[in-house]
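The structure appears below as structure tokens.
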Amino acid sequence: VTRRPKILNINLFGPFGAGKGTQAELLAKKFKLAHFVAGDLLKDEMRRRTAFGREVDAIVRKGKLVPDRYIRELLVRFLDSLPKTKGMVIDGSPRNLPQKKLMDALLATYERTPIPILIDISEKESFRRLGLRRICVACAHKPIGKDLNKKDCQRCGGRLVIRFDDRPDIIKKRMSVYKKEVLPVIRSYKRSGRMYTVNGEQERADVHKDILKLLSRLGYKP
Ligand SMILES: [Zn+2]
């Protein structure tokens, strides 16, 4: 009999457009998990002008990538602020093998080794979905689902345009970074036999259901 950790910790992986963020939010709600998104937390630190945020800001302003040790520091702060009984869902990290090594070690010391789940979609589908994404010029609302086909924002009536970082040339560049850096992380989890995969090429609600089924098999129920 294996002893299961009582606290649910999940790490979601998937190509752009796989819907990691949406699934993370659904899971966070269902299981009352804290949501770790490195990018959002970094932005928050910068916005609040904390000492840490100002350091990161200086790096970003120089057009440099935020070094891995800052991601580690961010995770430490997050973990320290988390009640011991609260689970977490990680969304979008680690982004490369050195980050994985660093995060695996750190999460283990907090006894929070996460269940890695890959929301799998093909490269073709990833391109297609990124090409569909829009943002409202007036209120920055990002429509999802059926609202993607509308011309105007459902919230304020503003015009919907392609997001700047969804231009084909930028998508291609991000995709090649994904292949070069994130795929090795996924392969590494697969090699150790720990990666769970769900089919991401179905309705959001069905992806969510599949993840719930998987977690239930592993002994986690909301
Ligand atoms: Zn709007």
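Structural remarks
- Whichever residue in region 163-175 is under 18 Å from the mean Cα position of the chain (by Cα) and free of Cβ contacts under 8 Å to residues at least 40 places away in the same chain and, among such residues, is surrounded by the most Cβ atoms within 10 Å (Cβ to Cβ): D166
Here is a yes/no grid of residues against (1) crowded, with 18+ Cβ neighbours inside 10 Å; (2) away from the ligand (no atom under 16 Å from the Cβ); (3) part of a loop (DSSP other than H, G, I, E, B):
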residue	(1), (2), (3)
A105	no, yes, no
T113	no, yes, yes
I117	yes, yes, no
R129	yes, yes, no
D147	no, no, no
G157	no, no, yes
L160	yes, no, no
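- Some residue of region 40-51 being closer than 27 Å to L215 by Cα and assigned to a helix (DSSP H, G or I): yes
- Filtered by the rule that a residue be surrounded by fewer than 12 Cβ atoms within 10 Å (Cβ to Cβ) and either closer than 28 Å to R128 by Cα or among the aliphatic types (A, V, I, L, M) (or both), region 200-217 gives E203, A205, K213.
- Test result for E111, within 18 Å of the chain's Cα centre (by Cα), over 24 Å from E25 (Cβ atoms) and touching a residue at least 40 places away in the same chain (Cβ under 8 Å): no
- If you check I59, I71 for being modelled with pLDDT under 95, part of a helix (DSSP H, G or I), within 15 Å of the chain's Cα centre (by Cα) and among the β-branched types (V, I, T), only one passes: I71.
- Close contacts from region 196-212, counting a first residue that is touching a residue at least 24 places away in the same chain (Cβ under 8 Å) and acidic (D, E) and a second that is surrounded by fewer than 17 Cβ atoms within 10 Å (Cβ to Cβ) and outside any strand (DSSP E or B), with Cβ to Cβ under 9 Å and a gap of 6+ residues or different chains, come to E201/S122; E201/E125.
- Output for region 131-145, where each listed residue is assigned to a strand (DSSP E or B) and either surrounded by fewer than 12 Cβ atoms within 10 Å (Cβ to Cβ) or more than 10 Å from the ligand (Cβ to nearest atom) (or both): R134
- Within region 75-103, being among the β-branched types (V, I, T) and either assigned to a helix (DSSP H, G or I) or more than 18 Å from the chain's Cα centre (by Cα) (or both) holds for V76, T85.
- Scanning region 10-28 for residues that are outside any loop (DSSP other than H, G, I, E, B) and in contact (Cβ under 8 Å) with a residue 24 or more places away in the chain gives I10, N11, L12, F13, K20, G21, T22, Q23, A24, L26, L27, A28.
The values are calculated or read from the model by the stated rules, or taken from the named source; none is laboratory data. Treat the numbers as computed from the prediction; the structure is a model and nothing was measured. Note that we place each Cβ from the backbone using ideal geometry, even for glycine, and neighbour counts take in every protein chain shown.
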